[in-house]
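Chemist: Provided herewith is a single structure, encoded as structure tokens, for subsequent inquiry.
The values are calculated or read from the model by the stated rules, or taken from the named source; none is laboratory data. Computed from a predicted structure; not experimentally measured. Counting neighbours? That spans all protein chains shown, and the Cβs are built from the backbone with ideal geometry, glycine included. Note: areas computed on protein heavy atoms with side chains; ligands, DNA, RNA excluded. Shrake-Rupley method; radii C 1.70, N 1.55, O 1.52, S 1.80 Å.
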Number of protein chains: 2
Amino acid sequence: MRETEIVEYIRGLGSGIGDDCAVFQPRAREDLVFTTDFVLESRHFELSTHTAADVGHKALARSLSDLAAMGAEPAFCLVSLAIPPKLASRWVKEFYGGLTALATRFGVTLAGGDTARFERVVVDVMCCGRVPRGKALLRSGAQPGDAIYVTGELGASAHGLTTKRGEAWKRHLRPEPRIAAGLALRKLGVSACMDLSDGLSLDLVRLCKESRVSAELTGELPIARGASLDEALNGGEDYELLFTSRRNLPHEIAGVTVTRIGRITSQRPARIRFAGRPLKPKAFDHFAEAKS
Amino acid sequence: MRETEIVEYIRGLGSGIGDDCAVFQPRAREDLVFTTDFVLESRHFELSTHTAADVGHKALARSLSDLAAMGAEPAFCLVSLAIPPKLASRWVKEFYGGLTALATRFGVTLAGGDTARFERVVVDVMCCGRVPRGKALLRSGAQPGDAIYVTGELGASAHGLTTKRGEAWKRHLRPEPRIAAGLALRKLGVSACMDLSDGLSLDLVRLCKESRVSAELTGELPIARGASLDEALNGGEDYELLFTSRRNLPHEIAGVTVTRIGRITSQRPARIRFAGRPLKPKAFDHFAEAKS
């Protein structure tokens, strides 16, 4: 696939592509939120186990999950894609097929990006979402006494990565960004929110650091079928939402189960206790997942 | 440099880093423009010839040049950086040093990004700029009879890449985005504009395609000292502005020389003539520079 072909192909998918920049018209009285996420060959996926459509889905899902965490409505994305010459144009088309299928479901416009040849597949997706002014959900709002909740079940993605089969593997390959739940949580006025990309034990420390609080977990977690407690506590890429609330919340929000897993306490610095014992952040503390 | 260290380091550089997304508050009655550009090891630079600060400068300069082409005022950027484990923390700090030095000069906020370990250095910079509503400069506005202009001189970057010394090499290593000129051109009401990233002969075809016109170049070009005609016509990465105007423009705009190089004609499809003969787009038509 030559340069002209791929650019023409992408132009056919997105609107407003053809200038040096994509142009976006914000609505009155809204804030915009922005995130960018790498999906790198041999780090976040393998060509031998992930189809091109899986990679396209995952690349956008990672960014959409960040929008969900802010309580934002998805608006548009820019997709940077580098591929090795050995990959045929079919790979590129299937990649965009997987990405645009998810984009269509969530009303995301593919507004542009960059393409290059490289020795490995590199994807970087930037996603923009909208929130009413001043209403974005942050990590910093948790207060002592707030209840701690998660959406869905934990550990499925890590478990799927080990077994490479069944529902858990499907959850790993095709994570579902919790956009509707994020919008509902914003309207419910939860105090803090983030997505679980690196595992509960590490991500909860991050939320506590931003809020300058600590946390006590009851010991009861919504563990995905087949997953271990370790996978639920420390496994990455569940892309569920972790959030805190002053008032009690229903058991289901926007069609997703919500489980109360503990409460915020006033100790500093960010210490986590699980079933009465200290919990060390053990999730993959590698550079690959460091989101700034 | 461990994950926590690099994230803390980047947090020290930028504002609003710490949540899943960066939050941005648009002003009333403005459009936002967005661009993203790869800078890849062994494609856009070599670790042996480019310092980390050069790479940081170039990564942001490429995106800023796209903002200049739209006549936009820079607002903020997101920086995705993947580096091999062999590179020390000093490389990362010098990279951000080069990037933030340029960002400071143009009032760009480093608002977030992503980091990862990878076998090669991969940089992807997303940049956002502001323009008054409906006023972004596009490639599609050129009309028959318009004069064609370029800022500065052509061929320096390609020449510098060959000689690796002198002013031309410096121009290649540290391209200067034409932000002030772009803002002035927007206020002057030029009809079409883009930046020269892949060489005049190819980029002019793109502008003509978007405007559904053709072009006649006089044969006189502002060739950079030492550069050949071929480098001026077909060399990439000059990051000068190519634009068209119905009315005559001064010879200097926002401190940069402006040269009239031809005129837009009504033939279709996008054909370029140079000094009376057909000119084929010869610039690097490789996937690496395909901007969608």
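Chemist: Give just the number: which of (1) hydrophobic (A, V, I, L, M, F, W, C); (2) open to solvent by 10 Å² or more (accessible area, probe 1.4 Å); (3) touching a strand residue (DSSP E or B) at 6+ places or on another chain (Cβ under 8 Å) does A:Leu173 not satisfy?
Modeler: Among (1) hydrophobic (A, V, I, L, M, F, W, C); (2) open to solvent by 10 Å² or more (accessible area, probe 1.4 Å); (3) touching a strand residue (DSSP E or B) at 6+ places or on another chain (Cβ under 8 Å), A:Leu173 violates only (3).
Chemist: Same structure, new question: Against the definition (in contact with a strand residue (DSSP E or B) (Cβ under 6 Å, 6 or more places away or on another chain) and at pLDDT 95 or above), how does B:Leu81 come out, yes or no? Spell out how you get there, then give the answer.
Modeler: On the way: in contact with a strand residue (DSSP E or B) (Cβ under 6 Å, 6 or more places away or on another chain): yes; at pLDDT 95 or above: yes.
Against the criterion (in contact with a strand residue (DSSP E or B) (Cβ under 6 Å, 6 or more places away or on another chain) and at pLDDT 95 or above), B:Leu81 qualifies.
Chemist: Moving on to the next point. Is it the case that region A:119-132 has a residue that's out of contact with any Gly (no Cβ under 7 Å at 6 or more places or on another chain), within 8 Å of chain B (Cβ to nearest Cβ) and open to solvent by 50 Å² or more (accessible area, probe 1.4 Å)?
Modeler: There is at least one residue in region A:119-132 that is out of contact with any Gly (no Cβ under 7 Å at 6 or more places or on another chain), within 8 Å of chain B (Cβ to nearest Cβ) and open to solvent by 50 Å² or more (accessible area, probe 1.4 Å).
Chemist: Does B:Leu87 satisfy the criteria of being under 24 Å from B:Arg43 (Cα atoms) and open to solvent by less than 10 Å² (accessible area, probe 1.4 Å)?
Modeler: In short, no.
Chemist: Given A:Ala116, A:Ala111, A:Ala142, which one is buried (at least 19 other Cβ atoms within 10 Å of the Cβ), out of contact with any helix residue (DSSP H, G or I) (no Cβ under 8 Å at 6 or more places or on another chain) and of a type outside the set (Phe, Trp, Tyr)?
Modeler: Result: A:Ala111 is the single residue among A:Ala116, A:Ala111, A:Ala142 that is buried (at least 19 other Cβ atoms within 10 Å of the Cβ), out of contact with any helix residue (DSSP H, G or I) (no Cβ under 8 Å at 6 or more places or on another chain) and of a type outside the set (Phe, Trp, Tyr).
Chemist: Additional query: Which residue out of A:Gly219, A:Gly236, A:Gly182 is at pLDDT 95 or above, buried (at least 16 other Cβ atoms within 10 Å of the Cβ) and either within 14 Å of chain B (Cβ to nearest Cβ) or on the phi > 0 side of the Ramachandran plot (or both)?
Modeler: Values: A:Gly219 fails: buried (at least 16 other Cβ atoms within 10 Å of the Cβ); A:Gly236 fails: at pLDDT 95 or above.
Unique residue meeting the criteria: A:Gly182.
Chemist: How many residues does region B:190-217 contain that are part of a loop (DSSP other than H, G, I, E, B) and of a type outside the set (Lys, Arg)?
Modeler: Counting residues in region B:190-217 that are part of a loop (DSSP other than H, G, I, E, B) and of a type outside the set (Lys, Arg) gives 7.
Chemist: Which residue out of B:Thr104, B:Thr109, B:Thr163, B:Thr100 is on the phi < 0 side of the Ramachandran plot, among the β-branched types (Val, Ile, Thr) and touching a strand residue (DSSP E or B) at 6+ places or on another chain (Cβ under 6 Å)?
Modeler: Result: B:Thr109 is the single residue among B:Thr104, B:Thr109, B:Thr163, B:Thr100 that is on the phi < 0 side of the Ramachandran plot, among the β-branched types (Val, Ile, Thr) and touching a strand residue (DSSP E or B) at 6+ places or on another chain (Cβ under 6 Å).
Chemist: Which helices (runs of 4 or more DSSP H) sit wholly inside region B:140-189 and have at least 3 residues that are closer than 20 Å to B:Gly129 by Cα?
Modeler: Once the helices (runs of 4 or more DSSP H) in region B:140-189 are filtered for at least 3 residues that are closer than 20 Å to B:Gly129 by Cα, what remains is B:179-188.
Chemist: Kindly indicate the residue of region B:5-27 that is at the interface with another protein chain (Cβ under 7 Å from one of its Cβ atoms) and open to solvent by 60 Å² or more (accessible area, probe 1.4 Å) and also modelled with the lowest pLDDT among those meeting that condition.
Modeler: So the residue we want is B:Arg11.
Chemist: Assess whether A:Ala227 counts as being at pLDDT 95 or above, in contact with a Gly (Cβ under 6 Å, 6 or more places away or on another chain) and part of a loop (DSSP other than H, G, I, E, B).
Modeler: So A:Ala227 fits the description; yes.
Chemist: If you check B:Val33 against the conditions, is it within 10 Å of another protein chain (Cβ to nearest Cβ), hydrophobic (A, V, I, L, M, F, W, C) and open to solvent by 10 Å² or more (accessible area, probe 1.4 Å)?
Modeler: Taking the combined requirement at face value, the residue does not satisfy it.
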